Structures are given as C-alpha cells and as structure tokens.
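The values are calculated or read from the model by the stated rules, or taken from the named source; none is laboratory data. Quick caveat, the model's predicted, so the values are computed rather than measured. Because the Cβ atoms are built from the backbone with ideal geometry, glycine has one as well, and the counts that use them run over all protein chains shown. These area figures cover heavy atoms from the full protein model, side chains too; ligands, DNA and RNA do not enter into them. Shrake-Rupley method; radii C 1.70, N 1.55, O 1.52, S 1.80 Å.
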Amino acid sequence: MNRPYNFSAGPAAIPEEVLKTAAAEMLDWHGSGMGVMEMSHRGKEFISIYEKAEADFRALLSVPPQFKILFMQGGGLAENAIVPLNLSRAATVDVVVTGSWSQKSQKEARKYASTVNVIASNEADGHRSIPDPASWKLSRGASYVHVCTNETIHGVEFQQLPDLAALGSDAPLVIDFSSHVASRPVDWSRVGVAFAGAQKNLGPAGVTVVVVREDLLGHALPICPSAFDYKIVAEHDSMYNTPPTWGIYVAGLTFDWLLRQTEGDLSGVAAIEARNIAKARTLYDYIDGSQLYVNPIDPAARSRMNVPFLLRDESRNDAFLAGAKARGLLQLKGHKSVGGMRASIYNAMPIEGIHALVDYLREFEKSHA
Ligand SMILES: *Cc1c(COP(=O)(O)O)cnc(C)c1O
C-alpha cells in the first residue's frame, strides 16, 4: 500500500527509501551490534557516518574547500542568535525582511548587535514579493547582511542570491536556507554563512547544518556560549559537545539518496532542481487557471517549496481539508498567520504527489461549482 502524500511544512516528509533504511538498521547498524542512537559519537562507527554525511553534503551542493560544514543543534531560530553572537562584532547588522522568519531574525539580532537596520522590506505588500537588491539601503561597514532565501510561511523565494559586492558592499551575506536547502544549487561566491534546520528538506528535527566561510571564524563575542562558537565547533569537527547523532545519520542517508537522483542527463541537485521546477509549475499553473483557488504571490517571487493558496470561498476550508485527508493528502492546512492552505512540496515529494493533489483540487472545485 502506498503511504499518503504528506504536505507538511516541517517537520516534513522524508524519502521513503531513507525511512526504510533507517528502520532496517535500527537495531543493528552494519553488523556493529548497535543502533546509531546507542553509539559513542567518538567511536569509529559513528565517525564513519559523520565523515560520509559531511563529504556527501559537500559534494551535493559543491561547497568549496574554504567553507566549513558544521552540524549543530538549536535549529534555525537558535541560529538567529548564534549568527550575531559570531559575526556581529556588536556593531551594525543589516537585515532584509521578506516574511515571518526574517522578521524574527531581525528582532533576535537586536540583542547582540548595536544597531539592526532593516534595509528593505516587503511588509507593505503583505510579504508577497522580493525587494529588488538594487533598492536595498546597505549600511556602510555592516558586519553582515541577513536574508531568508525561502520564506516558508509566506511562500516567497529568492530565485538568485543578491550579489553584495556588485552593490558596493563587502559585508558577508548570511542566508537562512532552512526550507529550500538542497532543492537547488547555491552560488557560494556570494555567501558568507548559510544555515538550515534539517526538518524541512534534509531529515529529522534536531540537527542544523551551518556552512561558514573560514575567514568568518574566530570573531565571536565574549558572551558567545562555547558550544555555539563557530570556531570552536569547527576545530572539533562538530564534536565539541555531543552532536545530534541520529539526525546526522538520517540526514546522511538523505544526502546519499539525493546524490543518486537522476532526471534525464541530470543527477544530484541538478536533477532535484529540475524535478522541483516541474512540480511547482504543475501546481501553480493549475491554481492560476482555476476559479476557486488563488495564490497571491508575485509570480517572480513564488517559492518552489511552499505553495500557500486560498479558497475564494473560505467557508469551504474544512470540507476541503477533510476531503484531502480522506484521499491521503495530509497536512495541507495553511499557517495560522496566513490562513487558507499550504502545500509544502520539498525534495521528498514525488511528482505523483503533485498530480494527486491537482486531481483532488480539480474534483473539489467541480463538485462545489
Ligand atoms: C522552520 C524554519 C526556521 C525555524 O527552525 P526551528 O528549527 O524551529 O528553529 C527558521 N527559518 C526558516 C526559513 C524556517 O523555515
């Protein structure tokens, strides 16, 4: 029997093959007599899991050698504090506000930076577009510029990273790519730090992947907890404190799965990206052509990962969700701050899931016409 299609925004669907491997290895990982959760993080078994996960993530996203890959705890929200603790130098920080997540980031940074400047915002249009980087009011001498490259709740995504150097700034760019990591390539020449909680696109909650350029290590504020100091974490290969071993293991299985994906001549992230483009296009095209559903986001800023949509007749919301659940289409309810529906269609969602959703959208619209 097929499992239902799970449209949760996070924690979210994990590739079925990954879940099956984790289940098969639960009691005995590779003949070691131990499950991964029971292993010392310093033993050779776990070290081999860790080294493969790190190497596979580096290969998957073509992370250049001058970047360290850290596996930390605390999720995206903890990084909102950990980033200014490491990079702000207690000076000025620039933030671009494009939705709920970057809004939280700018608030948290105020605890550690002397000044936080919101250098651009899409608040006036209800977080439905991406402000043109040419219009950003970059601060002179900012310690860094923070952007959330995919706003999970509002469904807006940067289709390319801003080129701060071309805008006359030498500040490092910090990206919160929690909800679209590994869904598309990253132009690392434009990035200083990238962080992502795993539970949207990489695996279970509990591990945060942080990619940090080496020259940005070693500038933490004196009050920065040692376990959150990027330099200390990097020097200890993410084992200054006990790392989230289970999360690293399942994320590692997911990296391995991602690397093996193919689409025509493409493989790895290029294949996944092509698939994500096709998935998103299929869903947006249907919504745009319908009489009942609407997606209000500027088409140039629409997320490939999170597709919020409203029913023009909101009195039908409960019936819509009940019918979806009965069909094996789970967790489509929108975030409470936006309302309506949201289909999160991360890497683990196959195109068949999109077709099943569109079939249901069509049928529901017809039966309620
Ligand atoms: C989910 C999410 C977060 C928060 O992650 P936590 O693990 O709950 O701290 C941060 N940023 C973005 C873009 C997210 O989607």
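A124 passes every criterion in (1) more than 20 Å from A165 (Cβ to Cβ); (2) touching a residue at least 24 places away in the same chain (Cβ under 8 Å) apart from (2). Considered as a group, the residues in the stretch 276-295 that are open to solvent by 50 Å² or more (accessible area, probe 1.4 Å) and not β-branched (V, I, T) include one that is nearest to G264 (Cα to Cα), and that residue is R281. State whether the residues of the stretch 336-343 include one that is in contact (Cβ under 8 Å) with a residue 24 or more places away in the chain and touching a His at 6+ places or on another chain (Cβ under 8 Å). Scanning the stretch 336-343, I find at least one residue that is in contact (Cβ under 8 Å) with a residue 24 or more places away in the chain and touching a His at 6+ places or on another chain (Cβ under 8 Å), so the answer is yes.
Please enumerate the residues belonging to the stretch 150-176 that are of a type in the set (A, V, I, L, M), more than 16 Å from the ligand (Cβ to nearest atom) and surrounded by 20 or more Cβ atoms within 10 Å (Cβ to Cβ). Spell out the reasoning first.
So the first thing to find is which residues in the stretch 150-176 are of a type in the set (A, V, I, L, M), and the list is 153, 156, 161, 164-167, 171, 173-175.
Filter once more, so that each one left must be more than 16 Å from the ligand (Cβ to nearest atom): 164-167, 171.
Matches in the stretch 150-176: L164, A171.
Being in contact with a Leu (Cβ under 6 Å, 6 or more places away or on another chain), open to solvent by less than 50 Å² (accessible area, probe 1.4 Å) and touching a residue at least 12 places away in the same chain (Cβ under 8 Å), is that true of even one residue in the stretch 347-354? Among the residues of the stretch 347-354, at least one is in contact with a Leu (Cβ under 6 Å, 6 or more places away or on another chain), open to solvent by less than 50 Å² (accessible area, probe 1.4 Å) and touching a residue at least 12 places away in the same chain (Cβ under 8 Å), which makes the answer yes. V147 meets all of the listed conditions (1) surrounded by fewer than 18 Cβ atoms within 10 Å (Cβ to Cβ); (2) within 16 Å of the ligand (Cβ to nearest atom) but one, namely (1).
Scanning the stretch 17-66 for residues that are over 17 Å from W246 (Cβ atoms) and either of a type in the set (S, T, Y) or free of Cβ contacts under 8 Å to residues at least 40 places away in the same chain (or both) returns G31, G33, K44, A55, R58, S62, P65. Return yes or no: is R190 without any contact (Cβ under 8 Å) to a residue 12 or more places away in the chain and among the basic types (K, R)? No: the conditions fail for R190. Scan the stretch 177-204 for residues that are in contact with a helix residue (DSSP H, G or I) (Cβ under 7 Å, 6 or more places away or on another chain), open to solvent by 10 Å² or more (accessible area, probe 1.4 Å) and within 13 Å of the ligand (Cβ to nearest atom) and jot them down. S178, P204 - these are the residues of the stretch 177-204 that are in contact with a helix residue (DSSP H, G or I) (Cβ under 7 Å, 6 or more places away or on another chain), open to solvent by 10 Å² or more (accessible area, probe 1.4 Å) and within 13 Å of the ligand (Cβ to nearest atom). Please verify whether the stretch 233-241 includes one or more residues that are away from the ligand (no atom under 11 Å from the Cβ), touching a residue at least 12 places away in the same chain (Cβ under 8 Å) and in contact with a Ser or Thr (Cβ under 6 Å, 6 or more places away or on another chain). Within the stretch 233-241, none of the residues are away from the ligand (no atom under 11 Å from the Cβ), touching a residue at least 12 places away in the same chain (Cβ under 8 Å) and in contact with a Ser or Thr (Cβ under 6 Å, 6 or more places away or on another chain). Only residues that are under 19 Å from H219 (Cα atoms) and under 19 Å from the mean Cα position of the chain (by Cα) were counted in the stretch 72-97, giving 7. Between A324, A343, A348, A369, the distinction of being in a helix (DSSP H, G or I) and hydrophobic (A, V, I, L, M, F, W, C) belongs to A324 only.
Keeping to the stretch 30-42, report how many residues are farther than 18 Å from F255 by Cα, of a type outside the set (D, E) and surrounded by 11 or more Cβ atoms within 10 Å (Cβ to Cβ).
The number of residues fulfilling the criteria is 7.
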